[in-house]
1. Restricting attention to the stretch 38-65, report how many residues are under 17 Å from residue 23 (Cβ atoms), part of a strand (DSSP E or B) and more than 10 Å from the chain's Cα centre (by Cα).
2. Would you check which residues across the stretch 43-73 are among the acidic types (Asp, Glu) and surrounded by fewer than 12 Cβ atoms within 10 Å (Cβ to Cβ) and list them?
3. Only one of these is of a type in the set (A, V, I, L, M, F, W, C) and touching a residue at least 60 places away in the same chain (Cβ under 8 Å): 70, 61. Name it.
Amino acid sequence: MATSGWCVDPDTVSSAAKEKPREGEIIALGDGARLEDGGRAEFQAKVGDRVLFSSYAGTEIKVGGEELLIMTEDDVLAVID
């Protein structure tokens, strides 16, 4: 599993999520993409932020009966207030 992606709970989406793009809440972050100097890139968003993403973004997984999406930061279209 990649550690530079975002984990989003699609069950926290609004009713508008039935249309493209979808909305969800970031519930976990990985370590960030590896930089050439060996460090890690910082994320543009944080846990708890609501984000918009394409209907086809990420990989769906089930953890403890809860459906989640794992996606890269590039999959996120926007952070919304």
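1. Keep residues of the stretch 38-65 that are under 17 Å from residue 23 (Cβ atoms), which gives 44-58, 60.
With part of a strand (DSSP E or B) added as a condition, the list becomes 50-53, 60.
Narrowing the set further to residues that are more than 10 Å from the chain's Cα centre (by Cα) leaves 60.
Qualifying residue count for the region: 1.
2. Initially, the stretch 43-73 is screened for residues among the acidic types (Asp, Glu), giving 49, 60, 66-67, 73.
Result: 60, 66, 67.
3. Working: 61 fails: touching a residue at least 60 places away in the same chain (Cβ under 8 Å).
So the residue among 70, 61 that is of a type in the set (A, V, I, L, M, F, W, C) and touching a residue at least 60 places away in the same chain (Cβ under 8 Å) is 70.
Results for (1) closer than 14 Å to residue 9 by Cβ; (2) touching a strand residue (DSSP E or B) at 6+ places or on another chain (Cβ under 7 Å); (3) not polar (S, T, N, Q), shown as yes or no for each residue.
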| residue | (1), (2), (3) |
| --- | --- |
| 43 | no, yes, yes |
| 60 | yes, yes, yes |
| 70 | yes, yes, yes |
| 74 | no, no, yes |
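No lab work stands behind these numbers, since they all come straight from the coordinates. Just so you know, these numbers come straight off a predicted model, no measurement behind them. Neighbour counts are summed over all protein chains in view; Cβ atoms, including those assigned to glycine, are modelled from backbone coordinates with ideal geometry.
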